[in-house]
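**Student:** Here it is, the structure, as C-alpha cells.
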Amino acid sequence: MLPPLFLPLPTAVDRSYSIYFQQLTDLPNLMQAHGLKNPQLGIVTDKHVEKIYRRKVEAALIAKGYQPRWIVFPAGETTKSLNHLSAIYDHFLGYADRRTPLIALGGGVIGDLTGFAAASILRGVPFIQVPTTLMAQVDSSIGGKTGINHTVGKNLIGAFHQPSFVLCDVDTVQSLPVREWHSGLAEVVKHALITDETLFDTLVLEWDAVLNRTPEVIAPLIRRSVEIKAEIVSKDETEQGIRAYLNFGHTFAHALEQVTAYKTFLHGEAVTIGMIAALYVSKYQNPEFPFEKALDLVKALPISAAIKDLDLQSLTEAMKVDKKAQAGNIRLVLLSNIGTAYITQDIDPKAIQAAWMFALSSF
C-alpha cells in the first residue's frame, strides 16, 4: 500500500486534506475517521463506472450503516453541463442537509460536476473525491477546481471547493479502456515537463511498462504525479501564480475541445496535441529549449481521434475566450527547459498559427 499524501492549504487550515492510496472498500472507514457519519449520502457516477464498481462500493457503505443514494449520468464530457448540475440539485435536495456528504465516483467529468454541486448546494456540503480514472487521480481530483462547461468555452462556470479527502484506488486504472489510459498519461507527462525532469527521465526509461500498466511501475508514478499536483496547489490554491503552470498545453487543448463540441477528443488527447503546440512555441521563444527530447515523449502518447477538418482561425479565436486569457490576449504556459515552466502573453501570433499547424500534422 502506498503511503498517503497531505495537501496543506496554509491560508485556510480547515480546507487542508489527505489523499489516500487505498481500496475503494476503505471508503466508509475513511469517512468515519473524518467525522462524516451522517447515514444519508449522495453518490454521483456515470453508467460505465456504475457497472464496474457500484456493487462493491454500495456493499461496503451499507455494511457500515450508510444509506447511499445514487445519481447516474451518461459517460462523457457533455455530462458536465447545467442540465446535469440541475439534476443533482433536484435529487440531492430531496434528502440532504449541510452535513450530508456528496461523493464523486468516476473520472474528471463526474468529479468536476459533483464538486460544483457540492460547492453550491446549501452554500457548501461535504465533498469526497473517489477518482477511478488516471486523469482524475493525477489531476482533476486534486486541488478543488470544480465546474461545468458553457457553449462559450470549457470550465467557465465553477468554484474552488476542496474535498474532505481524496481516495485513489490505483487498481481501478486497470479497468480503463486503452484510450482512457492513454488520455490520462498526458497529465502525467505534463507534470514531468513542467516541474520534474527526473520523472520525465523515468517515463522515458519505463515507457513500455507504463503503456502496459505494469502495477509495480505505474503505482509510484501515479503517486509522484499526485504529489506534484498537491505541492503546487498547496502553494497557490486559487491559481494566482504557479498553479497556472498546470495549464501547460491546456489553452490549445480547450480551444480544440470547444471547436469540436467536446465530441471528438478525450481531454488527454486534446492536451497531448496542446502540449505539442506549446512545445513548438517554447522552442520559438527559447531557441535553446530541448525541443526534440520533449517532443519525442509527448508524441509517444497515442491518439485515437481523427485529426481533420479543423480551421486554424477558429481554433485561435477560441483560445482568446479561455479563462486564462486577459482582455482577449492569449496567455500561454511555456517551458524554458524540461522541468521549468513560465507564463507569458508576449507571443508572436505567427508562432501560434505555426504551432497549430505543426501540432495537427504530428499525428
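**Student:** Can you tell me the relative contact order of region 181-360? Whole percent, Cα pairs under 8 Å, sequence separation 6 or more.
**Tutor:** The normalised contact order for region 181-360 reaches 29 percent.
**Student:** If you average 1/r over every pair of different alpha-carbon atoms in region 35-133 and take one over that average, what Kirkwood value in Å do you get?
**Tutor:** One over the average 1/r among Cα pairs gives 13.3 Å for region 35-133.
**Student:** Could you work out the local net charge near THR45, counting Lys and Arg as +1, Asp and Glu as -1, over the other residues with Cβ closer than 13 Å to its Cβ?
**Tutor:** Neighbour charge sum, excluding THR45 itself: +3.
**Student:** With bins 5 Å wide starting at 0, give me the P(r) of region 181-360 over every alpha carbon pair, in whole percents.
**Tutor:** Binned Cα distances yield the sequence 1, 8, 18, 22, 21, 17, 9, 3, 1, 0.
**Student:** Once you keep just the Cα pairs under 8 angstrom separated by 6 or more residues, what percentage relative contact order results for region 5-175?
**Tutor:** Once normalised by length, the contact order is 25 percent.
**Student:** Might you report the magnitude of the Cβ-based charge dipole of the chain about its Cα centre, with Lys and Arg at +1 and Asp and Glu at -1, to the nearest 20 debye?
**Tutor:** My answer is approximately 980 debye.
**Student:** Can you work out D for the chain in µm² s⁻¹ from Stokes-Einstein, where Rh is the Kirkwood radius over C-alpha pairs, the temperature is 10 °C and the viscosity is 1.306 mPa s?
**Tutor:** 77
**Student:** What nm value, rounded to one decimal, do you get for the distance between SER314 and ASN83 when each label is placed 7 Å out toward the C-beta?
**Tutor:** 2.1
**Student:** Given contacts defined as C-alpha pairs under 8 Å and at least six residues apart, what's the relative contact order of the chain, whole-number percent?
**Tutor:** Once divided by the residue count of the chain, the mean separation gives 15 percent.
**Student:** How big, on average over all directions, is the shadow cast by the Cα convex hull of region 174-247, in nm²?
**Tutor:** The orientation-averaged projected area of the Cα hull of region 174-247 comes to 5.1 nm².
**Student:** Provide ASP112, ASP236, ASP139 in ascending order of the number of other Cβ atoms located within 10 Å of each residue's Cβ, fewest first.
**Tutor:** The fewest-first ordering by Cβ neighbours comes to ASP236, ASP112, ASP139.
**Student:** Report the number of Lys pairs in region 5-175 whose alpha-carbons are under 14 Å apart, with separation of 8 or more residues or on distinct chains.
**Tutor:** Lysine pairs, 8 or more places apart or on different chains, close enough: 5.
**Student:** Between rounded, prolate and oblate, where does region 5-175 land on the alpha carbon gyration tensor, with a ≥ b ≥ c its root eigenvalues, rounded for a/c under 1.5, else prolate if a/b exceeds b/c?
**Tutor:** Since a/c stays below 1.5, the shape of region 5-175 is classed as rounded.
**Student:** In what order do VAL125, VAL152 fall by count of nearby beta-carbon atoms within 10 Å, going from fewest to most?
**Tutor:** Ascending number of Cβ neighbours within 10 Å: VAL152, VAL125.
Each reported figure results from applying straightforward, stated rules to the coordinates on display, with no laboratory input. A quick note: this is a predicted structure, and the numbers were derived from the prediction, not measured. Here the Cβ is made from the backbone with ideal geometry for all residues, glycine too, and neighbour counts use every protein chain on show.
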